[in-house]
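Chemist: Sharing a structure below in C-alpha cells format, with a few things to ask.
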Amino acid sequence: ALEQGSDLEKAFATVVLVFNNYADTTGKLTRAETKNLLQTQFWHFIQGQENKLIYQEIISDLNEKPEDKIDFEDFMTILVILTLTSDLLEEITNNET
C-alpha cells in the first residue's frame, strides 16, 4: 500500500504491521507479549538500557499484571520513550551529523 511512500511512512507502516502480527483479534497485546515483542524486535534499541531508571520502570510495569492488555497507542508511547533513552539513538544522531 505504501510502495510510493516516504521512508518515514514505510517505517511507521512496518511498526503497525509488526504490532498487528503480535496483537490479538481486539488489536491488543498482553503486557507479557509486549515485553517479548520489545525484546525480540527492538533489542538493538533496548540493549544497554538495563541500568537506566526509565527502562527499569517500563519493564517493571510490563511485569506487573502481565495478562493486562496494551493497545497500539500505549505501545507507541513505550517505543518512543525507549528510543529517546537509547544509546543507539545517540549513535545514529552522531553518525548523521
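Chemist: Protein chains only, probe 1.4 Å: how do 3, 57, 73 rank by accessible area, largest first? Mind showing how you got there, number by number?
Modeler: Values: 3 155, 57 95, 73 135 Å².
Largest to smallest exposure gives the sequence 3, 73, 57.
Chemist: Taking the Cβ of residue 44 as the center, what net charge do the other residues with Cβ under 15 Å away carry, scoring Lys and Arg +1 and Asp and Glu -1? Could the numbers behind the result be given before it?
Modeler: Values: positive: none; negative: 50, 87, 90, 91.
Taking every Cβ under 15 Å from that of residue 44, the sum is -4.
Chemist: Determine, from the Cβ-Cβ distance of residue 61 and residue 83 and an R0 of 25 Å, the FRET efficiency 1/(1 + (r/R0)^6), rounded to the nearest 0.05. Provide the component values of the computation, followed by the final result.
Modeler: On the way: r = 17 Å, r/R0 = 0.68.
Here the calculated transfer efficiency is 0.90.
Chemist: What percent does the relative contact order of segment 2-96 come to when contacts are Cα pairs within less than 8 Å and at least six residues apart?
Modeler: Values: 63 pairs, mean separation 31.2, N = 95.
Once normalised by length, the contact order is 33 percent.
Chemist: Quick one: work out Rg over Rh on the C-alpha atoms of the chain, Rh as Kirkwood radius. Walk me through the numbers on the way to the answer.
Modeler: On the way: Rg = 14.3 Å, Rh = 14.4 Å.
Using Cα coordinates only, the ratio equals 0.99.
Chemist: Give the cross-link partners of residue 10 among the lysines, using a straight C-alpha distance below 29 Å as the criterion and excluding same-chain residues fewer than 8 apart.
Modeler: 28, 35, 69
Chemist: Another question, if that's okay. Could you go through segment 47-59 in sequence order and give the Karplus-derived ³J(HN,Hα) for each residue, using 6.51 cos²θ - 1.76 cosθ + 1.60 with θ = phi - 60°, rounded to whole Hz, and x for Gly and Pro?
Modeler: For segment 47-59, the Karplus-derived couplings read 4, x, 8, 4, 8, 7, 4, 5, 5, 4, 5, 5, 5 Hz, x marking Gly and Pro.
Chemist: Also, I was wondering about something else. Residue-wise, which Karplus ³J(HN,Hα) couplings in Hz belong to segment 31-40, taking 6.51 cos²θ - 1.76 cosθ + 1.60, θ = phi - 60°, and x for glycine or proline?
Modeler: 4, 5, 5, 4, 4, 4, 4, 4, 6, 9
The values are calculated or read from the model by the stated rules, or taken from the named source; none is laboratory data. The structure presented is a predicted model; accordingly, all values stated were derived computationally and were not measured. All Cβ positions, even for glycine, are placed from backbone atoms using ideal geometry, and neighbour counts span all protein chains on display. In case anyone asks, the SASA skips ligands and DNA or RNA and just uses the protein heavy atoms, side chains included. Shrake-Rupley method; radii C 1.70, N 1.55, O 1.52, S 1.80 Å.
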